[in-house]
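Below: the structure, in structure tokens.
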Amino acid sequence: MSDQRVYNFSAGPSMLPLSALERAGAEITNYRGSGMSVMEMSHRSKVFLQIFEETQEKLRRLMEVPEGYKILFLQTGATGQFAMIPLNLIGRTGRADYAVTGNFSNLAYKEAAKYGQINLAASSADRNHTYIPSQEQLKLDPQASYFYYCANNTIYGTEWQYVPETGDVPLVCDMSSDILSRRVDVSKYGIIYAGAQKNMAPAGLTVVIIREDLAGHELPYTPVIMNYKTMIEKDSMYNTPPCWTIYMLGLTLDWLEEQGGVPGMEKIKHGKARMLYDCLDASALFTCAAEKPFRSDMNVTFRTRSPELDDKFVKEAAGAGFVNLKGHRNVGGMRASIYNAMPAEGVEKLCDFIRAFDKANR
Ligand SMILES: *Cc1c(COP(=O)(O)O)cnc(C)c1O
């Protein structure tokens with residue numbers, strides 16, 4: 001198997017489009033006649049600035065980012081935003097609303113509590129984050145500086161199927177694990193952000209799409225590297241940006257465009273998720289962890305009747321070329337992350353494997 005690529009169901013870092021990897025491979029020592037690798041270039045050089053600007057433009061086009069919004073390419077991962085968001089935004093009223101529907105929104109909530117008065121606007125902890133609270137269940141603070149939520153819960157396998165209505169309170173959304181998988185009306189948001197390593201590029205890049213008027217109200221002790229205003233003014237180049245990862249994002253976006261852009265991707269990912277959920281629902285052995293109306297199209301969480309049988313499934317699947325299917329310890333069982341770059345064929349073959357395992361072990 002060593003010369004063959006496996007179907008990698010990792011939650012992140014995860015699969016990248018083969019065409020993007022091959023292109024990067026072909027260009028690794030000499031980027032388009034420059035005589036050097038993108039890894040070796042000055043971030044201020046003409047050749048890199050072109051990569052940088054084109055990648056920004058591609059993302060703006062694909063996500064239909066309106067005027068008045070800035071696209072930032074930052075570091076410190078999605079987790080860095082857990083601090084950066086309150087540091088920059090909470091100053092207006094000292095208060096913010098958080099919906100906790102999984103592991104990462106809970107971490108964001110705890111981090112934000114260092115900087116202001118945080119209202120728990122909703123929580124799905126009562127049913128181990130197997131569902132998403134409805135609009136009616138949100139307890140909104142009209143004084144909130146912003147409303148925070150995480151669109152897709154990577155660990156629990158649930159996804160918000162609606163955009164919260166919060167009136168004049170800006171929406172801030174962690175889209176790390178579903179960005180570019182479905183159409184998003186960016187104009188409804190104050191900030192959209194995502195770590196790159198699920199659906200965009202290798203780890204090391206955090207994409208932030210911010211309504212520009214939200215910047216410039218940071219708390220006085222905000223580190224300069226975490227100041228949106230500074231990063232907007234310096235076009236993400238206050239210091240050295242993650243050059244290689246930005247280049248890789250550009251290659252992924254080229255691939256995405258060939259798939260029909262975001263609407264094309266949305267159709268493909270819907271088909272893949274439906275195929276997998278249908279197969280699990282039709283089995284005798286497997287049950288899904290997430291409640292049906294809230295199931296994620298990106299992270300499919302499921303289990304058999306016992307942890308022992310789960311282990312057997314994960315082991316046998318790996319032997320057959322389906323790797324990284326073990327679930328997160330908070331949920332147990334299995335998790336198949338089927339991000340954009342997972343080919344439909346990978347899901348089809350996994351379904352064949354699931355059907356055979358179901359027959360042999362029921
Ligand atoms: C992976 C993930 C994170 C954490 O990302 P880092 O880049 O490791 O900080 C945060 N939120 C969501 C939804 C994720 O899937």
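Pick from 105, 134, 236: which is most flexible by mean-square fluctuation in a GNM of the chain where alpha carbon atoms under 10 Å apart are linked? Ranking 105, 134, 236 by mean-square fluctuation puts 134 first. Proximity of backbone amide H atoms, modeled 1.01 Å from N, is registered between residue 290 and 301 at under 5 Å, excluding neighbours fewer than 5 places apart on the same chain. Test of the criteria: in region 218-287, which trypsin sites (Lys or Arg not before Pro) are in a DSSP loop and have at most 16 other Cβ atoms within 10 angstrom of their Cβ? Qualifying residues, ordered by number: 234.
Among the lysines, which have Cα under 22 Å from the Cα of residue 198 when same-chain residues fewer than 8 positions away are ignored? Straight-distance partners of residue 198: 58, 70, 267, 269, 272, 326, 349.
Karplus-derived 3J(HN,Hα) values for region 144-149, using 6.51 cos²θ - 1.76 cosθ + 1.60 with θ = phi - 60°, are 5, 6, 6, 10, 10, 8 Hz; glycine and proline are entered as x. Cross-link partners for residue 139 among the lysines, with Cα-Cα distance under 27 Å and sequence neighbours closer than 8 places in the same chain left out: 110, 114, 188, 292.
Counting only Cβ charges, +1 for Lys and Arg and -1 for Asp and Glu, the dipole size of the chain around its Cα centre is about 640 debye.
The GluC sites (Glu not before Pro) of region 254-335 that DSSP puts in a loop, and whose beta carbon has at most 14 other beta carbons within 10 Å, are 291. Hey, could you get me the Stokes-Einstein D for region 195-274, Kirkwood radius over alpha-carbon pairs, 10 °C and 1.306 mPa s, rounded to whole µm² s⁻¹? Stokes-Einstein gives a translational diffusion coefficient of 107 µm²/s. Derived value for the chain: Kirkwood hydrodynamic radius 21.3 Å. Basis is the mean of 1/r over every pair of different alpha-carbon atoms. For region 114-197, the Kirkwood hydrodynamic radius comes to 13.7 Å, computed from all pairs of different C-alpha atoms.
Protection proxy ranking for 242-249, 341-348, using the average of other Cβ atoms within 10 Å per residue and placing the highest first: 242-249, 341-348. Expressed in Å, the radius of gyration and Dmax of the Cα atoms of region 1-101 are 18.9, 57.
Expressed as a fraction of 2.2 N^0.38 Å, the value expected for a compact globular protein of N residues, the C-alpha radius of gyration of region 121-251 is 1.15.
Looking at region 253-343, the pairs of alpha carbons with a distance over 22 Å make up 31% of the total. Ranked by the mean number of other Cβ atoms within 10 Å per residue, highest first, peptides 26-39, 78-91 order as 78-91, 26-39.
Bridge orientation summary for the chain: considering DSSP beta bridges with both residues in this region, about 55 percent are antiparallel.
Any read-out appearing in this document is the output of simple, stated calculations on the displayed coordinates, not a laboratory observation. As the structure is a computational prediction, the values presented were derived from the model and not from experiment. Note: ideal-geometry Cβ built from the backbone for every residue, glycine included; neighbour counts use all protein chains shown.
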